[in-house]
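Chemist: There's a structure below that I have some questions on.
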Amino acid sequence: LTRVSIDEGRALSHATGREATERQPLHRPWVGALLVAGVAAAFGAAMAGIPREHAPLPLIARYALEIAIPQWKLTEPVNEIVYGTRGFDTFGETFLLLAAVISVVVITRPREPRRGYFGESAAGAREQRQDDPEIGFDATEDEARLAERREQDEQASGGTEPARTPDATPLGTPSPETAEAMTIVVRTAIRVVLPILAVAGLYLVAWGFSPGGGFPGGAVVLGVLLLAYASFGRRKISKVIRPDLIETLELAGAALIIMTELLGLVFRGSFSANWLPLAQMLTPLSGGVAQLFSATELLEVGTGLTIAVFALLGMSHDWARDADSDTTDRGGGKQGK
Amino acid sequence: MILVNYLAAVALFCIGLYVLLTRRNLIKIVMGLSLMEASTYLLMVSFAYRAGSTAPVLLSPPAGKTAKQLAHGNVADPVLQNFCITAVVIGVAVTAVFLSVAVRIAQHYRTLDADRVRAMRG
């Protein structure tokens, strides 16, 4: 079906000289509009009655602002709330994040266990050739398979290996760009930016001055890794971005968070209470357990988001055909899934 | 006039909900969900705003104000900022779950049209 519509689209774009655009089917637009209008009216009426900019701060906000310095020696009340006053809430959200990451890992997992996010299908290629030599269906599918092998594998089997960098590609070459890395301009810029970004993110976490500490810090870690991946290509980061390494780090972070919060129960009689001595204000250790929680959260969020994004990027096409189309396809021959 | 922000959040939420209810492309449905998510961030950050307020940082209050005054109403509400910080990170991970489900559906049914994904109905 897809193939037919692609061919039709190509024919159409050839005939009209314009790019064929897909008609966007809608599902019961008038029922949807009516429901949305109802929701908008209800929410709009609710907004009229809620506190505005002149309302006094809620009690919990005032409480947090008053105890941030005396009880935690933290000048950043948002951090005090995330890791202190509402630490239990953050604890729960951490495991919500972990649940989402595990869902991504389970949904995106390939059929065979893997050691890296990219290049794993090369390992099974020999076996595939022995057991199922008649790979391929038609020219479109062969082309798509080759393109995916180039994207995923260490060496593309069958076909020329794409260039490592596009530096030698002349300007004006039609897309798609197949090189693994980006041009020397981008790579030089990223080399300058990456250390600054990484150090700034970790500095803000270490000194507890950034609201949220480990949460934005973890997002910065993901940003650094994605910049390195996009500009230098996957081979440069494959030593660091390995499922076995970052999944272990992720679970170690979760274990450290549980330990940090449980020791409050052991030493102070209350879950997520501060059990560390407080240092001088405006030093890395000033928040006591809040700073420890923030650092472990950095590990948890940074590795968790990295796992989710790279698992999604490393998803390969599942070429197995449907059971009903197998009977008519040439060379399908797969048993039902 | 923070009411404008509140109504903008409602409008964003409704656009996302309309996309969710009427579009059939799964990627667009995920985009609608992300838009609804973003509308709640806007609403929470707007709730946190107080007229003439500063950021909730206790180190050096603005000239003429003491730390005690800040605690009684001249800073933005830090609790709602806390909600946003954690929600954004979890939102990214949840969007990754949606997208990986969409990829698997596209691979299994060879379509992204939600109305064609109905193998259970026979």
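The values are calculated or read from the model by the stated rules, or taken from the named source; none is laboratory data. Note that this is a predicted model, so its numbers are computed, not measured. Here the Cβ is made from the backbone with ideal geometry for all residues, glycine too, and neighbour counts use every protein chain on show.
Chemist: For the range B:35-60, which positions are surrounded by fewer than 20 Cβ atoms within 10 Å (Cβ to Cβ), facing chain A (nearest Cβ under 9 Å) and aromatic (Phe, Trp, Tyr)?
Modeler: B:Tyr49
Chemist: Would you point out the residue of the range B:10-34, among those that are within 19 Å of A:Ala42 (Cα to Cα) and more than 8 Å from chain A (Cβ to nearest Cβ), that is surrounded by the fewest Cβ atoms within 10 Å (Cβ to Cβ)?
Modeler: Step one: list which residues in the range B:10-34 are within 19 Å of A:Ala42 (Cα to Cα), which gives B:10-21.
Within this subset, residues satisfying the condition of being more than 8 Å from chain A (Cβ to nearest Cβ) are B:12, B:15-16, B:19-20.
On the way: B:Leu12: 19, B:Ile15: 16, B:Gly16: 21, B:Val19: 21, B:Leu20: 19.
Among residues in the range B:10-34 that are within 19 Å of A:Ala42 (Cα to Cα) and more than 8 Å from chain A (Cβ to nearest Cβ), the one surrounded by the fewest Cβ atoms within 10 Å (Cβ to Cβ) is B:Ile15.
Chemist: Here's a follow-up. Within the range A:278-295, work out how many residues are more than 14 Å from every other protein chain (Cβ to nearest Cβ) and modelled with pLDDT of 90 or more. Working first, answer last.
Modeler: Within the range A:278-295, the subset more than 14 Å from every other protein chain (Cβ to nearest Cβ) is A:278-279, A:284-285, A:288-289, A:291-292, A:295.
In the following step, the residues that additionally are modelled with pLDDT of 90 or more were identified as A:289, A:291-292, A:295.
Residues that pass the stated criteria total 4.
Chemist: Quick check on my filter: what residues within the range A:213-228 are within 21 Å of A:Asn79 (Cα to Cα) and either away from every other protein chain (no Cβ under 12 Å) or not in a helix (DSSP H, G or I) (or both)?
Modeler: Of everything in the range A:213-228, just one residue is within 21 Å of A:Asn79 (Cα to Cα) and either away from every other protein chain (no Cβ under 12 Å) or not in a helix (DSSP H, G or I) (or both), namely A:Gly213.
Chemist: Among the residues of the range A:83-96, is there at least one that is facing chain B (nearest Cβ under 9 Å), touching a strand residue (DSSP E or B) at 6+ places or on another chain (Cβ under 9 Å) and either in a helix (DSSP H, G or I) or on the phi > 0 side of the Ramachandran plot (or both)? Break it down into steps so the answer makes sense when it comes.
Modeler: First, pick out the residues of the range A:83-96 that are facing chain B (nearest Cβ under 9 Å): A:85-86, A:89-90, A:93-94, A:96.
After this cut, where a residue has to be touching a strand residue (DSSP E or B) at 6+ places or on another chain (Cβ under 9 Å) as well, the list is none.
Scanning the range A:83-96 turns up no residue that is facing chain B (nearest Cβ under 9 Å), touching a strand residue (DSSP E or B) at 6+ places or on another chain (Cβ under 9 Å) and either in a helix (DSSP H, G or I) or on the phi > 0 side of the Ramachandran plot (or both).
Chemist: Mind listing just one residue for me: the one in the range A:22-65 that is more than 8 Å from chain B (Cβ to nearest Cβ) and of a type in the set (Phe, Trp, Tyr) and, of those, nearest to A:Gly84 (Cα to Cα)?
Modeler: Filtering the range A:22-65 for residues that are more than 8 Å from chain B (Cβ to nearest Cβ) and of a type in the set (Phe, Trp, Tyr), the one nearest to A:Gly84 (Cα to Cα) comes out as A:Tyr63.
Chemist: If I go through the range A:86-112 residue by residue, how many of them are buried (at least 24 other Cβ atoms within 10 Å of the Cβ) and touching a Phe, Trp or Tyr at 6+ places or on another chain (Cβ under 7 Å)?
Modeler: 1
Chemist: Continuing with the same structure: Go through the range A:231-247 residue by residue and tally those that are in a helix (DSSP H, G or I), more than 14 Å from the chain's Cα centre (by Cα) and either modelled with pLDDT of 95 or more or surrounded by 13 or more Cβ atoms within 10 Å (Cβ to Cβ) (or both). Walk me through it before giving the result.
Modeler: Of all residues in the range A:231-247, those in a helix (DSSP H, G or I) come to A:231-232, A:234-237, A:243-247.
Next, only the ones that are more than 14 Å from the chain's Cα centre (by Cα) stay: A:231-232, A:234-237, A:244-245.
With the extra rule that they be either modelled with pLDDT of 95 or more or surrounded by 13 or more Cβ atoms within 10 Å (Cβ to Cβ) (or both), the set shrinks to A:231-232, A:234-237.
Final tally of qualifying residues: 6.
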